[in-house]
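The values are calculated or read from the model by the stated rules, or taken from the named source; none is laboratory data. Because the structure is a prediction, the values reported are computed rather than measured. As a convention, Cβ positions derive from the backbone with ideal geometry for all residues, glycine included, and neighbour counts pool all protein chains shown. Please note that ligands, DNA and RNA were not included when accessible areas were found on the heavy atoms of the full protein model with its side chains. Shrake-Rupley method; radii C 1.70, N 1.55, O 1.52, S 1.80 Å.
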Amino acid sequence: MDKYSDQKRAVQFLYPPIEPFDQQLMDVGQGHRVYFEQCGNPNGIPVVVLHGGPGGGCSPAMRRYFDPEVYRVILFDQRGCGRSRPHASVENNTTHHLVADIELIRRHLDIEAWIAFGGSWGATLALIYAQAHPDRVTHLVLRGVFLMTQAELDWFYGGGAGKFWPETWAKFASLIPENEQHDMIAAYHKRLFSGDRPLETRYARAWSAWENALASIHSSGTSGESPGDYARAFARLENHYFINNGFLEVDGQILANMGRISHIPGVIVQGRYDMICPPSSAWKLNSLWPASELRMVRNAGHALSEPGISAELVRSMDRIAEVLT
């Protein structure tokens with residue numbers, strides 16, 4: 001989940017824009033090359049930024065949540081999206097591949113351990129990575145928690161969120177025949193992977209528009225049309241992961257494995273009125289994670305660009321910096 005961040009309203013809380021001091025396109029195997037960049041202090045506290053989607057890619061604004069004098073910030077575009085290649089490819093593209101890519105980047109950069117910072121699907125990936133490599137994560141900073149459960153998918157693609165936005169849901173559902181609307185993920189999957197590029201792009205834009213329309217608490221229920229190439233990569237990758245239940249072994253896997261990372265300090269920043277990833281997931285996660293703090297942001301939805309969300313994330317990273325420096 002989480003398409004991209006519109007930082008216009010949150011910019012007052014962020015650090016000034018910065019440029020990377022290092023950019024690379026790494027061959028990670030299985031025909032994929034992953035883009036990553038480094039910015040900030042080359043000798044600073046390392047933090048890896050995990051973007052949402054799956055398929056959202058990183059943006060320059062994501063560099064600005066960290067004090068550039070203190071942090072060594074590593075951002076990367078996950079397989080198939082952003083500047084990684086091949087674009088929109090779902091072959092050899094699973095959660096297990098992404099976890100391996102994170103480790104490959106860490107070893108390539110000779111980093112012993114780092115902070116994992118992620119929102120929405122990025123929070124999912126941060127938790128799964130930490131559970132797989134608990135000795136490589138010093139802190140977790142999560143936003144808009146998504147635990148990759150069937151209940152969460154049912155909420156957003158089974159009509160739950162649509163009860164609050166019936167006109168927006170009707171537009172999303174109208175492209176699907178009524179006899180297929182009982183499983184919107186499967187119905188969109190058929191069209192997003194039809195092999196007909198214009199058809200895939202049409203349905204990709206509709207898939208992206210449904211999510212983007214509900215991201216902000218200030219939403220009117222509409223959203224601008226995403227560029228075709230971006231929408232196609234975002235929708236295909238997200239749908240691919242969701243139809244495969246995130247490639248997890250069992251439903252509820254993340255919560256079941258919290259014992260592996262119970263010692264890792266964490267901050268959970270959650271919008272009270274998040275329509276995409278409701279706060280119940282953040283609350284459940286916090287209740288099973290003794291070392292975590294839950295910071296519920298009132299008057300905020302899902303988007304990284306919510307002013308309250310951005311302010312709390314910057315404060316959280318500044319607090320961690322004070323402890324570690």
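At-a-glance table
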| quantity | calculated |
| --- | --- |
| So Trp114, is it in contact (Cβ under 8 Å) with a residue 24 or more places away in the chain and over 21 Å from Phe242 (Cα atoms) | yes |
| In the range 244-264, the residues that are within 13 Å of Thr95 (Cβ to Cβ) and part of a helix (DSSP H, G or I) | Asn245, Gly246, Phe247, Gln253, Ile254 |
| Residues satisfying the stated conditions in the range 63-79, i.e. out of contact with any Phe, Trp or Tyr (no Cβ under 8 Å at 6 or more places or on another chain), over 19 Å from Ala123 (Cβ atoms) and either outside any strand (DSSP E or B) or among the aliphatic types (A, V, I, L, M) (or both) | Glu69, Val70 |
| Flag for Ala291 being surrounded by fewer than 17 Cβ atoms within 10 Å (Cβ to Cβ) and either within 18 Å of Ser262 (Cα to Cα) or aliphatic (A, V, I, L, M) (or both) | yes |
| Cβ-Cβ under 6 Å pairs, at least 6 apart or on other chains, the range 297-312 side farther than 18 Å from Ala209 by Cβ and aliphatic (A, V, I, L, M), far side open to solvent by less than 10 Å² (accessible area, probe 1.4 Å) and part of a helix (DSSP H, G or I) | Val297/Ile309; Ala300/Ile309 |
| So Leu140, is it closer than 16 Å to Asn239 by Cβ and either within 22 Å of the chain's Cα centre (by Cα) or surrounded by fewer than 20 Cβ atoms within 10 Å (Cβ to Cβ) (or both) | no |
| Flag for Pro278 being of a type outside the set (Gly, Ala, Ser) and without any contact (Cβ under 8 Å) to a residue 24 or more places away in the chain | no |
| Close pairs from the range 165-191: first on the phi < 0 side of the Ramachandran plot, partner among the basic types (Lys, Arg) and loosely packed, with under 11 Cβ neighbours inside 10 Å, Cβ under 9 Å, at least 6 apart | Trp169/Lys163 |
| Count - residues of the range 85-123 that are in contact with a strand residue (DSSP E or B) (Cβ under 8 Å, 6 or more places away or on another chain), part of a loop (DSSP other than H, G, I, E, B), surrounded by 16 or more Cβ atoms within 10 Å (Cβ to Cβ) and of a type in the set (Gly, Ala, Ser) | 2 |
| Cβ-Cβ under 9 Å pairs, at least 6 apart or on other chains, the range 13-25 side closer than 20 Å to Met317 by Cβ and open to solvent by 90 Å² or more (accessible area, probe 1.4 Å), far side among the polar types (S, T, N, Q) and assigned to a strand (DSSP E or B) | Phe21/Gln38 |
| Residues that are closer than 17 Å to Trp169 by Cβ, without any contact (Cβ under 8 Å) to a residue 40 or more places away in the chain and assigned to a helix (DSSP H, G or I), drawn from the range 207-230 | Trp207, Ala209 |
| Ala126 vs. criteria buried (at least 24 other Cβ atoms within 10 Å of the Cβ), among the small types (Gly, Ala, Ser), farther than 21 Å from Asn239 by Cα and at pLDDT 95 or above | no |
| Residue list for the range 133-173, filter: touching a His at 6+ places or on another chain (Cβ under 9 Å) and assigned to a helix (DSSP H, G or I) | Pro134 |
